[in-house]
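Here's the structure we're looking at; comments come further down.
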Amino acid sequence: MAKPIVAKDAVQGAGASAKNGSVTAKSPAPKAAPAAKPAPVAKPAPVAKAAPAAKPALATKPAAAPAPKASRPPATAKARSSSKAAGRRHSISVLAGDGIGEEVIREGLKVLDAVAEIEGFVLDRKMLPYGADHYLKTKEAMPAAALEEMGKSDAIYLGAIGDPRVETGFLERQIIWGVRQTFDLFVNLRPIRLYHEDLCPLKDKKPADVDMIVVRENTEDAYAGLGGIHRKGTPWEVAVAEMIYTRQGVERVVRYAYELCKKRNKKRRLTLVDKANAIRAQDIWTRTFAEVGKEFPEVEQDHAYIDAACMWMVKNPEWFDVVVTPNLFGDILTDIGAMIQGGLGIAASGNIHPGKVSMFEPIHGSAPKYRGLNSANPVAAIEAGKMMLDHLGETKAARRIESAVRNAIETKRIRSLKAGAYKCDEVGDMIREGVRTGAGM
């Protein structure tokens, strides 16, 4: 279809999406570290571990250490190769976090255990206690020793972070942003896929119309935290936040998106979303996108300004295949995408450094008011677990989980993704049973 062209004269400011536990301030960005050009999808495997232990209790409190500083990935964040090497054994660090995080991660682990048993691999897991409860008891948010321990894992599985008892944004900066910066997780990968038309709020849109992936840069932009507030609370108050883009940072995520689009092999259309007409610093995105694109003649280059992209995602989501965008705009765009695929209850993300330890999480917030009610929807956490298995090279297991989730929705055993529509453990049991029986495969 011919894509309509929309031009606007001025940029209109927009904030990050308002979810429980959303990030409102960031810690400083790390020094850019040289990185090899990433492959689009790593199919890795860890070094062999000891025999699997029984499901552990919550990890004991480590010794107090300073809050994490942005740094290069630790030496322990080792490269992976293939899960078939070393007996298909994977180590994961599990961080349930706050609010509903504990219950949705519990259900996610239930499904992961089932698929591991069927597909013949082992997940060794280390449970970590960090979040609001731990912080309020110990004043310890995310010590350097814990980050070092995570670096020994093959992946990190996160529930949700954020609690109204703690200063807004503090835990998010220390934990989520700390992990992203420490391990240089420069790709935020957001699949947007509709499993059933009944879940989509858009008229006459079917699963074939909503099937895209957003590649959001994950370590730079306004989230780098450069700036601050001067003379706060006075009539002369000044607030400054800087958008930071480096050639290395832009090029590596753009190249990742081109490679992904090529491998995905659907429309083979890559759309750059920026606002370079109004924010001239983003010309670095426009130029890098065009230059790297010369290496991928089989991929169609497309472009949209962020305001127009939001409009077209609602009006014509079928246009999009793979999208690459700066950090702030990606945060906004992917919440729109989450809603057209059925809501935050199904949307998952990966914070990725190809071939190295990476973190996977549902994109919903911690929703403290639902904590302990067994009413949260765990599908997004289960989908995040599926993405983690893909990253670890367990593609067959990932497809089995996807089929079980899709089948539960298509057969209308899951009719709603809203909190309270079903018991949290009821949905987990349903998906686990689908995994065991091969539902939808």
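The values are calculated or read from the model by the stated rules, or taken from the named source; none is laboratory data. Everything quoted here is computed from the prediction, not taken from an experiment. Virtual Cβ from ideal backbone geometry, glycine too; neighbours counted across all protein chains shown.
For region 342-378, taking the residues that are of a type in the set (D, E, K, R) and in a loop (DSSP other than H, G, I, E, B), the one that is farthest from Gly428 (Cα to Cα) is identified as Lys356.
If you go through region 292-329 and keep only what is without any contact (Cβ under 8 Å) to a residue 12 or more places away in the chain and either assigned to a helix (DSSP H, G or I) or of a type in the set (Asp, Glu) (or both), you end up with just Lys315. Within region 141-152, residues that are of a type in the set (Lys, Arg) sit with their Cβ atoms under 9 Å from residues that are modelled with pLDDT of 95 or more, at 6+ positions apart or across chains, in these pairs: Lys152/Ser91; Lys152/Ser93; Lys152/Lys126; Lys152/Val357. Quick check, is Lys396 of a type in the set (Lys, Arg) and not in a helix (DSSP H, G or I)? When the stated conditions are applied, Lys396 does not pass them. Filtering region 205-237 to residues that are surrounded by fewer than 17 Cβ atoms within 10 Å (Cβ to Cβ) and out of contact with any helix residue (DSSP H, G or I) (no Cβ under 8 Å at 6 or more places or on another chain) leaves Leu226, Gly227, Gly228, Ile229, His230, Arg231, Lys232, Gly233, Thr234, Pro235, Trp236, Glu237.
Scanning region 100-146 for residues that are over 25 Å from Asn374 (Cα atoms), among the charged types (D, E, K, R) and in a strand (DSSP E or B) gives a single hit, Asp124. On the stretch given as region 171-204, residues that are out of contact with any helix residue (DSSP H, G or I) (no Cβ under 9 Å at 6 or more places or on another chain) and on the phi > 0 side of the Ramachandran plot total 1. Would you pick out the residues in region 163-185 that are polar (S, T, N, Q) and over 14 Å from Lys139 (Cβ atoms)? Listed by number, the residues that qualify are Thr168, Gln181, Thr182.
Of Glu237, Glu217, which residue is touching a strand residue (DSSP E or B) at 6+ places or on another chain (Cβ under 9 Å), under 21 Å from Leu185 (Cβ atoms), at pLDDT 95 or above and of a type in the set (Asp, Glu)? Within the list Glu237, Glu217, the selection yields Glu217. Evaluate the following for Gly440: is it outside any helix (DSSP H, G or I) and more than 24 Å from the chain's Cα centre (by Cα)? Yes: the conditions hold for Gly440. Does Ile156 satisfy being in contact with a Pro (Cβ under 9 Å, 6 or more places away or on another chain), in a strand (DSSP E or B) and hydrophobic (A, V, I, L, M, F, W, C)? No: the conditions fail for Ile156. Taken over region 330-341, the criterion of being touching a Pro at 6+ places or on another chain (Cβ under 9 Å) and either assigned to a strand (DSSP E or B) or surrounded by 22 or more Cβ atoms within 10 Å (Cβ to Cβ) (or both) is satisfied by Gly337, Gln341. Kindly check whether there is at least one residue in region 229-236 that is closer than 23 Å to Thr271 by Cβ, outside the structural domain of Ser358 (by TED's automatic domain parsing) and aliphatic (A, V, I, L, M). Looking through region 229-236, none of the residues is closer than 23 Å to Thr271 by Cβ, outside the structural domain of Ser358 (by TED's automatic domain parsing) and aliphatic (A, V, I, L, M).
Checking each residue in region 107-125 for being out of contact with any helix residue (DSSP H, G or I) (no Cβ under 6 Å at 6 or more places or on another chain) and buried (at least 18 other Cβ atoms within 10 Å of the Cβ) picks out Leu109, Ala116, Phe121, Arg125.
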